[in-house]
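First up is the structure itself, then whatever we jot down about it.
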Amino acid sequence: MNNIKNRIENFNHKRDPELLKLKYKKLAADQFSFFRGTCHLFYEDLPPDSPINNAPLTWICGDLHLENFGSYKGDNRLVYFDINDFDEAVLAPCTWDLVRFISSIIVGSHAVGINDKEALHLSEIYLKTYTKNLADGKARTVERKTAKGLVRDLLKSLKKRERAKFLDKYTNIKDGKRSLKVDDKKILKATDTEQDKVRELIQHWHHTTNQEVEFYQILDIEKRVAGNGSLGLERYIILIEGYGSPDENYLLDFKETPTSSLQPYLKIPQPEWETSAARVVAIQNRFQGIAPALLEAINDGEKSYILKELQPEKDQVHLKAWDGNLGHLEQLIETMAEITAWDHLRSSGRQGSAIADELIAFAQSSKWHNLIIEYAQNYAEQVNKDFQEFSQEFSK
């Protein structure tokens, strides 16, 4: 088998070379960053005959880990907390989400100084809470009034956020009009050709929808550097008129969406999606209790893109936020487990996914918990070995 560096380079070979340098630097930073950015390795390594696969089919996030949860605005303009990354989403055994998430707890714990006993404790909380909520059979949502702990603090802080300050982080104002700040870190200069391409795609999309043309009037377009696993794909930040300049402007994220990295390892037939972006939008809408605002799939005939409202990075709860208080992490893990169960239930019975009754029946037993924890513990050791090998190769 190819070494880790070759496996990673083979997966990423069609991406932007300059951005790939940044991606590889992130992968070499620590084990958790490496785990986040190499979802494809996780499924390459998952044995096709593993007993973990013996579970009901659901729509899964595919890349479920501790930092793929965050807040978002619904189309009712209220704020919710949910899974927020669906690039890899497919139809697969529900346990695939669970084993990747438990692996992220163990790998992430090592990265922030949580010991093995505490990581096992958090893993057990997640599986017990998931199973309990799956057995309940009711899909709920997490919003400001129902959130707890770190998630409640996050959603309360968003209530106080001023739009102008958020826009100021990314833009400059001159003569009452905003333009994007190019800092050569998070925002890079887009060429005229790139800007024209994005502008034409948005305008063509306008003509095929009932969206407000004035709202989507483009003021500026630049390249955006964000994420971990997706680095190297085309990505832009777009400043639009919104409800008026300068402080009712909106920022959009426009990202190339390739085929899910899980696709080569799926034995289950998948729907024939029009595009990869259409897949992501459809599954996200099935998962989340309230449809997200400004979420669209756009296609240029060769590639497809997700257009969505830009969400600040601080709208996530990062693992380092535990600040030495295990109780904070326990509440956070409980919330994430509840969300996982609710989203699996909410998307049930659609295009081949198990109906709610099958998921409820699956939750009557917890025998599969040990299978998942044992696999995740072993895989965390594999991640550490792969990380060490990659870091050594990267430093040469």
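Report, by residue number, each residue of the range 168-190 that is in a strand (DSSP E or B), hydrophobic (A, V, I, L, M, F, W, C) and either closer than 27 Å to Lys26 by Cα or touching a Ser or Thr at 6+ places or on another chain (Cβ under 6 Å) (or both).
First, pick out the residues of the range 168-190 that are in a strand (DSSP E or B): 171-174, 177-180, 187-188.
In the following step, the residues that additionally are hydrophobic (A, V, I, L, M, F, W, C) were identified as 173, 180, 187-188.
Scanning the range 168-190 gives Leu180, Ile187, Leu188.
Just a yes or no: is a residue in the range 113-121 touching a Phe, Trp or Tyr at 6+ places or on another chain (Cβ under 7 Å) and either of a type outside the set (D, E, K, R) or not assigned by TED's automatic domain parsing to the domain that holds Thr257 (or both)?
No, every residue in the range 113-121 fails to be touching a Phe, Trp or Tyr at 6+ places or on another chain (Cβ under 7 Å) and either of a type outside the set (D, E, K, R) or not assigned by TED's automatic domain parsing to the domain that holds Thr257 (or both).
Identify all residues within the range 226-247 that are surrounded by fewer than 18 Cβ atoms within 10 Å (Cβ to Cβ) and under 27 Å from the mean Cα position of the chain (by Cα); write none if there are none.
Of everything in the range 226-247, just one residue is surrounded by fewer than 18 Cβ atoms within 10 Å (Cβ to Cβ) and under 27 Å from the mean Cα position of the chain (by Cα), namely Ala226.
Suppose we filter the range 222-252 for residues that are out of contact with any strand residue (DSSP E or B) (no Cβ under 9 Å at 6 or more places or on another chain) and closer than 30 Å to Leu66 by Cβ; how many remain?
4
Of all the helices (runs of 4 or more DSSP H) wholly in the range 280-396, which have at least 3 residues that are over 21 Å from Leu252 (Cβ atoms) and within 16 Å of the chain's Cα centre (by Cα)?
326-346
Name every residue in the range 233-242 that is closer than 21 Å to Glu88 by Cβ and at pLDDT below 95, in order of residue number.
Within the range 233-242, no residue meets the criteria.
With the condition kept exactly as written, say whether any residue in the range 355-365 is at pLDDT below 95 and either of a type in the set (S, T, N, Q) or surrounded by 14 or more Cβ atoms within 10 Å (Cβ to Cβ) (or both).
The answer is yes; a qualifying residue exists.
Among the listed residues Leu27, Leu57, identify the single one that is under 13 Å from Gly229 (Cβ atoms), surrounded by 14 or more Cβ atoms within 10 Å (Cβ to Cβ), aliphatic (A, V, I, L, M) and in contact (Cβ under 8 Å) with a residue 40 or more places away in the chain.
Leu27
Contact list please: Cβ distance under 8 Å, first residue in the range 157-175 and closer than 21 Å to Arg77 by Cβ, second residue surrounded by 10 or more Cβ atoms within 10 Å (Cβ to Cβ) and among the acidic types (Asp, Glu), pairs at least six apart or on different chains.
Leu158/Asp315; Arg163/Asp247; Arg163/Glu248; Ala164/Asp247; Leu167/Asp247
For Ser245, state whether it is within 22 Å of Gly349 (Cα to Cα), of a type in the set (Gly, Ala, Ser) and in a loop (DSSP other than H, G, I, E, B). If you could, list the steps in order and put the result at the bottom.
Working: within 22 Å of Gly349 (Cα to Cα): no; of a type in the set (Gly, Ala, Ser): yes; in a loop (DSSP other than H, G, I, E, B): yes.
In short, no.
Can you find a residue that is assigned to a helix (DSSP H, G or I) and loosely packed, with under 14 Cβ neighbours inside 10 Å anywhere in the range 103-119?
Yes: the range 103-119 contains one or more residues that are assigned to a helix (DSSP H, G or I) and loosely packed, with under 14 Cβ neighbours inside 10 Å.
Of everything in the range 54-84, what is acidic (Asp, Glu) and outside any loop (DSSP other than H, G, I, E, B)? Give them in sequence order.
If the condition is that a residue be acidic (Asp, Glu) and outside any loop (DSSP other than H, G, I, E, B), then Asp82 is the only one that fits.
Quick grid of which residues meet (1) crowded, with 17+ Cβ neighbours inside 10 Å; (2) of a type in the set (A, V, I, L, M); (3) modelled with pLDDT of 95 or more:
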site	(1), (2), (3)
Gln263	no, no, yes
Ile268	no, yes, no
Ser276	yes, no, yes
Ile290	yes, yes, no
Leu310	yes, yes, no
Glu313	no, no, no
Leu319	yes, yes, no
Gly324	no, no, no
His328	no, no, no
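The values are calculated or read from the model by the stated rules, or taken from the named source; none is laboratory data. Remember, it's a predicted structure, so these values are computed and weren't measured experimentally. Neighbour counts run over all protein chains shown; Cβ positions are idealised from the backbone, glycine included.
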